[in-house]
Every structure is written in structure tokens, then in C-alpha cells.
Amino acid sequence: MRFEIITIFPGFFAGIFEHGIVRRAQAEGLVGIGLHDLRAFTHDRHRTVDDRPFGGGEGMVLKPEPLAEALTSLGIEAKRDEKQVRFAQDDTRKVNETRVVMLSAQGRRFTQAVARDLAGLERVVLICGRYEGVDERINELYCDMELSIGDYVLSGGELAAAVVLDSTMRLIPGVLGNEASGEFESFGAHDASITAGEAGVPRSQHGSGGLLDYPHYTRPAEFRGRTAPEVLLNGDHQQIRRWRREQQLRKTLANRPDLLEHALLSDEDRRTIDGIQSAQVPKSRPVPPNS
Ligand code: SAM
């Protein structure tokens, strides 16, 4: 899979992609990253990429021409009209597997599910905005989607591009050591029915089914008076799986109860949730007698 990043700060990414899994995935030829300096597509002495907004107001806006030129250099043409879907379902050309993404606070929320969709593509082009944003006609004419990495405003799309790239590329088959690793993490898609001992599946793990991950512990068994949970030390994989599932449910209930709505839950999970919730119901205080 290949990522193309269009940015006015290509140097921003130096270091980010030179460590850990992203570096290894590139070295092994599983992921390619192209960094494209937007200023290389300007034609004036000052290499101007921005201009004042029509209608007045604060800040500057990234001009459309250099971006259009940068996209054309990647073989991406404008849609003929706003409603045209550039990549029709039955279009089997390789270009069909390219998606152009505008990073924007106004975009739809980037989630693990979106990362999974992107990971199945041949190529993802990420456009990093700056200043007040990008001339909207680039979005209309060239982009397949606008993605926001969260409900806050960044100074530029570079951090967002790095987030999208990192989380997407680790879902590409072969990038993580164990093919199924992504399923065991928070937001994993696989349901809870991964059975113990299936090929490549550690016996004490569980597909997260859209829940948050369970807490992890390592040596030493005791740290500052706190002991790692006994159940993790006894080697009983059935018990460990059960404990981990309960912890996933507890974490999700505590931090992201919204995820439960779409999570894949077994009857046992539902009983566990009922148990956790009923244990949390505050005991009603005795009414003090009238004095
Ligand atoms: N005027 C814009 C608004 O209020 O939505 C904010 C522009 S922001 C200062 C500059 C650039 O940062 C944007 O064009 C976009 O590329 C990027 N950006 C900011 N917040 C983002 C977010 N939550 N997700 C993705 N990209 C973001």
C-alpha cells in the first residue's frame, strides 16, 4: 500500500516515519510513503501557496492551483462535476483503489473502522491543510472524503496525516507480527468468538469485538506495593481469557459506554455487564428518623 502526503512542511515527517513499525513496514516493502512539497508546484518567485480569503476574515487560505497541480502529478484528475463519483463501483482499474483524503476539522470522524477501509486500498493521498484551511474547490473537485481525527483544531493537517497513516498501515496484512493482532486491540472488529488455540491466536486472548482493550501487566509481579492480578500469573488460559474479557467490559463501561451500542456481545458478556452495573448501583441511604 502507498501513502502520498501533500504538505507545505515535508520536513515535519522526518523522524515520525523512521521509527518502529512504520519504518519496518517500509523497509519490508509493505508500505511506501511519498512526501510532496506543495511549494514545488508553485511558479512564482516567492513560491506562494496561500492567499487572503474571499469575503474577508482572519488568516490565509491554501490556494487551489498548486494543490491541483500536485494531485495531477500523482495521476489524479478532477471530477467532471460535483456529483460525479470518481471511482465507480464497477471501475476495476488500479486507480479505483486510490482515495484522496482532505484532513479537516470539518470532516467525518476518523475511526478504526475507517482505518480498516483505507487499509484495503492500493493508495491513499492525504492533503494537509494549513492556515484557515484549503480552498473548498479542491475538496469538491478532487477529494473522496474529509477526515477529522477528533473534535479539536490542529494548526495543520500534518499530525492528522501521521495519525491516519500510522493507524491504517498497522492493519495491512503482514505489518504486525501476528496477522490477527489488530483484532485483539481496542476497537478490533472481530467478534468475541475467536476460539482458544485457533491458528495464530494466543490461547488467552479474545477478539475485542469493538470494545476497549483490557489492562496489561509485565514484570515485576509486585511494583510499589501493587501486585499484578493473580489470575495472570497462574497459567490457566481459560481463566485469563475470562478475566480479560471482564476487564474489557469494565474499561468500556467506565470510559466509553457509547461503544457498547455496536459491540459484539455474547450472552455471557451481557450477564457480566449486568453484574458490573448492579454492583455499582449506590445503596440507598437509610432515611434518617424525624427528630
Ligand atoms: N478553519 C478551520 C476550521 O475551523 O475548521 C481550521 C483550520 S486548521 C487551523 C488548519 C488545518 O489543520 C486544516 O486545514 C486541516 O488540514 C488541519 N486540521 C485541523 N484540525 C484537524 C482535525 N481535527 N482533523 C484533521 N485535520 C485537522
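Here, each number is a calculation from the coordinates, and none is a lab measurement. Since this is a predicted model, take the numbers as computed values, not measurements. No Cβ is skipped: glycine too gets one built from the backbone with ideal geometry, and neighbour counts run over all protein chains shown.
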Fill in the blank from the handout: The size of the Cβ-based charge dipole (Lys, Arg +1; Asp, Glu -1) of the stretch 2-169 about the Cα centre, to the nearest 20 debye, is 300
Practice task
Mark the label point 7 Å from the Cα of LEU159 along Cα→Cβ and return the residues of the stretch 10-41 whose backbone N is within less than 18 Å of it.
Solution key: 10-17
Fill in the blank from the handout: The Cα extents of the stretch 1-82 along the principal axes, largest first and rounded to whole Å, are 48, 31, 25
Problem - Share antiparallel - DSSP beta bridges, the stretch 2-169, percent rounded to 5 - result: 10
Exercise for the section: Would you please give the residues with an amide H less than 5 Å from that of VAL134, counting only those at least 5 places away or on a separate chain, with H modeled from the backbone geometry? Expected result: LEU62
Completion exercise
With the convex hull built on the alpha-carbon atoms of the stretch 92-180, volume per residue in Å³ sits at 98
Handout entry: Where labels lie 7 Å past Cα in the beta-carbon direction, separation of ALA254 and GLU18 in nm
Key = 3.9
Handout entry: Label-to-label distance, nm, for residues given as ASN234 and GLU122 (7 Å Cα→Cβ offset)
Key = 5.4
Fill in the blank from the handout: Protection proxy (average C-beta count within 10 Å per residue), highest first, orders 54-63, 158-167 as 158-167, 54-63
Fill in the blank from the handout: If the label point sits 7 Å along Cα→Cβ of ARG219, residues of the stretch 231-246 with amide N under 18 Å come out as 232-235
Practice task
Work out how far the C-alpha atoms of the stretch 2-169 reach from end to end along every principal axis, then list the three figures in whole Å, largest first.
Solution key: 46, 39, 33
